[in-house]
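Enquirer: This is the structure I want to talk about, given as structure tokens.
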Amino acid sequence: MLEAAYYAKEMAAFILVGDAEKIRRTAEESQVDISGMEIVNEPDNIKACQAAVSLVATGASEALMKGLVDTSIVMKAVLDKEAGMRTDKILSHLALFAVPTYHKLLFVTDAAINIAPDLAAKKSIIQNAVEAVNNLGISNPKVALLSAKEKADPKMSSSMEAAELTAQHKNGEILGCILDGPLALDNAISKESAKIKGIDSPIAGDADVLVCPNIESGNVLYKSLVFLADAKNGGVVLGAKKPVILTSRADSAESKLISIALGILS
């Protein structure tokens with residue numbers, strides 16, 4: 001995280017919250033220059049997260065970024081009703097990928113927060129993603145609702161919910177995007193696959209946003225893109241008062257840098 005903050009110092013100022021001695025020691029061992037960065041000393045992880053959330057909620061900082069602390073501790077602080085970070089929106093994760101084999105940036109939601117979102121939650125997840133992608137300068141993004149087949153099947157709840165969300169979009173209940181589903185992954189990202197299957201969709205082969213049925217499918221897709229497709233990636237949690245830059249401890253400094261940029265811009 002310190003390395004990413006160093007590389008991002010031209011686009012943002014950083015307040016480091018945690019054990020000041022450990023922060024300085026880690027920076028020295030990693031040969032990262034943190035001079036000029038404010039340090040708030042709080043050795044206890046729980047209290048450090050609470051302090052960081054307070055800085056964001058009160059406007060002293062514009063975004064919250066997770067370091068080496070566990071995600072659960074950070075999110076508990078964010079979700080605390082007294083902390084001032086909550087809004088009436090659902091929290092959801094949006095991941096950004098630059099995939100070597102795809103012709104444009106690709107977004108995936110939700111691979112980290114909502115375990116098994118119901119229809120209402122999926123609608124909110126879509127709205128969070130569309131708003132963020134619009135803020136990034138991509139107007140009217142193409143949103144694909146993923147399932148294992150292209151037709152609604154009562155035996156497959158994700159296909160039924162995708163069909164219902166598509167109907168809501170056609171009725172004007174989901175705005176700011178072009179949305180269709182259910183679609184299998186290949187049809188969402190491959191025009192050839194969609195053509196072979198006879199699928200006529202404005203999304204076919206050109207999706208901007210992939211909406212996963214649940215966290216398992218989202219997590220598998222996320223890690224497949226990173227580790228098998230050599231995709232560059234970043235991620236941010238949407239729906240709070242300010243962006244929450246949520247990265248894995250195993251993420252590269254480049255991935256964390258992309259996440260910082262995504263958090264600032266979304």
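The values are calculated or read from the model by the stated rules, or taken from the named source; none is laboratory data. Please read all numbers here as calculations on a predicted model, not as lab measurements. Cβ atoms come from the backbone with ideal geometry, glycine included; neighbour counts cover every protein chain shown. Accessible surface is based on the protein model in full, side chains and every heavy atom, while ligands, DNA and RNA are left aside. Shrake-Rupley method; radii C 1.70, N 1.55, O 1.52, S 1.80 Å.
Enquirer: Need one number: nm distance between label points at residue 25 and residue 151, each 7 Å from Cα along Cα→Cβ, rounded to one decimal.
Expert: 6.4 nm
Enquirer: What list of ³J(HN,Hα) couplings, whole Hz, do you get for the stretch 85-99 from phi and the Karplus terms 6.51, -1.76, 1.60, once you set θ to phi - 60° and write x for glycine and proline?
Expert: With coefficients 6.51, -1.76 and 1.60, one gets 9, 6, 10, 7, 8, 6, 7, 8, 9, 10, 10, 10, 10, 10, 9 Hz.
Enquirer: Between residue 134 and residue 46, how high is the FRET efficiency from 1/(1 + (r/R0)^6) when r is the Cβ-Cβ distance and R₀ = 35 Å? Nearest 0.05.
Expert: 0.50
Enquirer: Oh, and also: So what is log10(I(q)/I(0)) for the stretch 130-244 at q = 0.23 1/Å, when the Debye sum runs over its Cα atoms only?
Expert: -1.47
Enquirer: Could I ask something else about it? Can you give me the distance in nm between label points at residue 214 and residue 227, each placed 7 Å from the Cα along the Cα-to-Cβ direction?
Expert: So the label points at residue 214 and residue 227 sit 2.1 nm apart.
Enquirer: About its Cα centre, how strong a charge dipole does the stretch 29-114 have in debye, to the nearest 20, once Lys and Arg get +1 and Asp and Glu get -1 at the Cβ?
Expert: So the dipole magnitude of the stretch 29-114 works out to roughly 400 debye.
Enquirer: Given axes a ≥ b ≥ c from the Cα gyration tensor, I'd like to know whether the stretch 7-124 is rounded (a/c under 1.5), prolate (a/b larger than b/c) or oblate.
Expert: Numbers: a/c = 2.20, a/b = 1.33, b/c = 1.65.
Here the stretch 7-124 falls in the oblate category.
Enquirer: A follow-up question, please. Given labels modelled 7 Å from the Cα in the Cβ direction, how far is it in nm from residue 86 to residue 12?
Expert: With each label placed 7 Å out from Cα toward Cβ, I get 2.5 nm.
Enquirer: Just to confirm the filter: which trypsin sites (Lys or Arg not before Pro) across the stretch 102-148 are DSSP coil and have at most 14 other Cβ within 10 angstrom of their Cβ?
Expert: The qualifying sites are 104.
Enquirer: Further question: Please report, in cubic angstrom per residue, the volume enclosed by the convex hull of the alpha-carbon atoms of the stretch 37-94. Please report the intermediate quantities before stating the final value.
Expert: On the way: hull volume 6.1 nm³, N = 58.
Expressed per residue, the convex hull around the Cα atoms of the stretch 37-94 is 105 Å³.
Enquirer: State, to one decimal in nm², a quarter of the convex hull surface area for the C-alpha atoms of the chain, i.e. the direction-averaged projected area.
Expert: One quarter of the hull surface, i.e. the mean projection, equals 14.4 nm².
Enquirer: Mind giving me the FRET efficiency for residue 103 and residue 170? R0 is 25 Å, r the Cβ-Cβ distance, nearest 0.05 is fine.
Expert: Working from the Cβ atoms, E equals 0.40.
Enquirer: Taking the alpha-carbon set of the stretch 93-191, what are its Rg and Dmax in Å?
Expert: When restricted to the Cα atoms of the stretch 93-191, Rg and Dmax are 13.1, 38 Å.
Enquirer: Gain in length, residue 160 to residue 192, computed as 0.36 nm per residue apart minus the alpha-carbon separation, to one decimal in nm?
Expert: Stretched out fully, the residue 160 to residue 192 stretch lengthens by 9.0 nm.
Enquirer: Per residue of the stretch 149-157, what does 6.51 cos²θ - 1.76 cosθ + 1.60 with θ = phi - 60° give for ³J(HN,Hα)? Whole Hz please, x for Gly and Pro, Karplus curve as stated.
Expert: 8, 9, 10, 5, 10, x, 7, 10, 4
Enquirer: Same structure, new question: With all protein chains present, how much of the accessible area of the chain (probe radius 1.4 Å) comes from carbon and sulfur, to the nearest whole percent?
Expert: Roughly 52 percent of what the probe reaches on the chain is carbon or sulfur.
Enquirer: Please list, or write none, the lysines whose alpha carbon is within less than 30 Å of the alpha carbon of residue 195, excluding same-chain residues fewer than 8 places away.
Expert: 104, 122, 123, 142, 149, 151, 155, 170, 223, 232
Enquirer: With every protein chain kept in place and ligands, DNA and RNA left out, what is the accessible area per residue of the stretch 122-255? Probe 1.4 Å, answer in Å².
Expert: 47 Å²
Enquirer: For the stretch 1-116, build the charge dipole from Cβ charges (+1 Lys, Arg; -1 Asp, Glu) around the Cα centre, then report which of 14, 94, 72 sits farthest towards its positive end.
Expert: Farthest towards the positive end: 94.
Enquirer: If you don't mind, there's one more thing I want to ask. Using a 1.4 Å probe, how large is the accessible area of residue 177, given in Å² and rounded to the nearest 10?
Expert: Near enough 10 Å² of accessible area.
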